[in-house]
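After the structure tokens below, expect a handful of questions from me.
The values are calculated or read from the model by the stated rules, or taken from the named source; none is laboratory data. Quick caveat, the model's predicted, so the values are computed rather than measured. Every residue, glycine among them, receives a Cβ derived from its backbone with ideal geometry; neighbour counts consider all protein chains shown. Surface accessibility is based on the protein's heavy atoms, side chains included, excluding ligands, DNA and RNA. Shrake-Rupley method; radii C 1.70, N 1.55, O 1.52, S 1.80 Å.
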Amino acid sequence: MEIVILESPAEVGRVAAALVGKVVTDRPDAVLGLATGSSPLGIYRSLAARVAEGELDFSRASGFALDEYVGIPLTHPESYAAVIARDVIEPLGLDPARVRVPDGRADDLEAAAVEYDGAIRTAGGVDIQILGIGANGHIGFNEPTSSFASRTRIKTLAPSTREANARFFDDPAQVPTHCLTQGLGTILEAKRVVLVAQGAAKAHAIAAAVEGPLSAMCPGSALQLHEHATIVVDEEAAAELALAEYYRYTYAHKPEWQRFD
Ligand code: GLP
């Protein structure tokens, strides 16, 4: 894994966005793996600024969101379909017809999950998957004890995840209990992964994901199995990394051609 520790949350967004931007510059019809949550907002802001400058063009790219709540109306502002439209499709100038979000309203949720997983493969796979991480180590909505081999499926949200996401709803009781999420096995098939985390609340999850044992109790640790996973964190989220100095040294001494910022 490549661990990049930066001064500020803004730097995290800028550097992770540079990695995404490089993929889209090299391949304008790239398939993007899109995450919701507050963590990747800096990436989308930085990319949107570069689009506005005419440096990047996402009009030929396509995207697959990681997850969606079950049963939430599409028009609800916190449905991930609405979040992806607002935070990603519009500011980046993606073609809405080329961006998919799992269908949490499907009559047959299991069939919808299988179809979604297959559609990612049919599209040729994800070129770069953007990820945040939950304080309990989840990626997408793969809660602790998710199988490393899991595919897109229905999951029950952990109570701590529902509490964390209650801030987005008027009433905590409105937070859905279930979701559709890409599986860890699905995520691991992306050609590149960039995970971002900011703030002290993520320090434990980052240390467990990067330096802990491979464990279903920390779904983010599955990324240790990925050949091209980059973890971009600010100082606060890096606070529990035992080898932080080594990561700083490694990143500072990377040859120019290997840098992406
Ligand atoms: C959410 C999402 C994840 C996200 C995580 C952390 O509920 N399903 O994709 O990475 O929890 O959220 P945040 O970035 O807001 O801290």
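Whether any residue in the stretch 173-187 is within 12 Å of the ligand (Cβ to nearest atom) and open to solvent by 10 Å² or more (accessible area, probe 1.4 Å) is what I want to check.
Taking the stretch 173-187 as the starting set, the residues that turn out to be within 12 Å of the ligand (Cβ to nearest atom) are 175-176, 179-182, 187.
Applying the additional criterion that residues be open to solvent by 10 Å² or more (accessible area, probe 1.4 Å) yields 176.
Yes.
Checking residue 129 against (1) open to solvent by less than 20 Å² (accessible area, probe 1.4 Å); (2) assigned to a loop (DSSP other than H, G, I, E, B); (3) within 16 Å of the ligand (Cβ to nearest atom), which single condition isn't satisfied?
Of (1) open to solvent by less than 20 Å² (accessible area, probe 1.4 Å); (2) assigned to a loop (DSSP other than H, G, I, E, B); (3) within 16 Å of the ligand (Cβ to nearest atom), only one is false for residue 129: (2).
Here is a list of conditions, (1) open to solvent by 10 Å² or more (accessible area, probe 1.4 Å); (2) in a loop (DSSP other than H, G, I, E, B), and residue 167 meets all of them except one; can you say which number that is?
(2)
Additional query: Would you point out the residue of the stretch 49-82, among those that are away from the ligand (no atom under 16 Å from the Cβ) and among the β-branched types (Val, Ile, Thr), that is surrounded by the most Cβ atoms within 10 Å (Cβ to Cβ)? Outline the logic, then answer.
Looking only at the stretch 49-82, we keep the residues that are away from the ligand (no atom under 16 Å from the Cβ), and these are 49-62, 73-75.
In the following step, the residues that additionally are among the β-branched types (Val, Ile, Thr) were identified as 51, 75.
On the way: 51: 19, 75: 8.
Filtering the stretch 49-82 for residues that are away from the ligand (no atom under 16 Å from the Cβ) and among the β-branched types (Val, Ile, Thr), the one surrounded by the most Cβ atoms within 10 Å (Cβ to Cβ) comes out as 51.
Follow-up. Are any residues in the stretch 208-222 in contact with a Cys (Cβ under 9 Å, 6 or more places away or on another chain) and in contact (Cβ under 8 Å) with a residue 24 or more places away in the chain, and if so, which ones?
208, 209
How many of the residues in the stretch 223-261 are in a loop (DSSP other than H, G, I, E, B) and in contact (Cβ under 8 Å) with a residue 12 or more places away in the chain?
From the stretch 223-261, those in a loop (DSSP other than H, G, I, E, B) are 226-228, 235-243, 253-255, 259-261; that's our starting set.
Checking the rest, the ones that are also in contact (Cβ under 8 Å) with a residue 12 or more places away in the chain come to 226, 228, 235-243, 260-261.
Of the residues in that region, 13 qualify.
Only one of 82, 97, 106 is free of Cβ contacts under 8 Å to residues at least 12 places away in the same chain and assigned to a loop (DSSP other than H, G, I, E, B). Can you tell me which?
Values: 82 fails: assigned to a loop (DSSP other than H, G, I, E, B); 97 fails: assigned to a loop (DSSP other than H, G, I, E, B).
Criteria check complete, one pass: 106.
Next up: Filter the stretch 132-160 for residues that are among the aliphatic types (A, V, I, L, M) and away from the ligand (no atom under 13 Å from the Cβ) and give the result. Before the answer, list the steps.
Filtering the stretch 132-160 down to residues among the aliphatic types (A, V, I, L, M) leaves 133, 135, 139, 149, 154, 157-158.
The answer is 149, 154.
Okay, moving on. Does residue 229 satisfy the condition of being open to solvent by 70 Å² or more (accessible area, probe 1.4 Å), of a type outside the set (D, E, K, R) and closer than 23 Å to residue 64 by Cα?
Values: open to solvent by 70 Å² or more (accessible area, probe 1.4 Å): no; of a type outside the set (D, E, K, R): yes; closer than 23 Å to residue 64 by Cα: yes.
No.
Give the stretch 21-48 a look and list any residue that's without any contact (Cβ under 8 Å) to a residue 40 or more places away in the chain and surrounded by 15 or more Cβ atoms within 10 Å (Cβ to Cβ), or say none. Steps first, answer last, please.
Residues of the stretch 21-48 without any contact (Cβ under 8 Å) to a residue 40 or more places away in the chain: 21, 24-26, 28-29, 46.
Selection gives 21, 24, 46.
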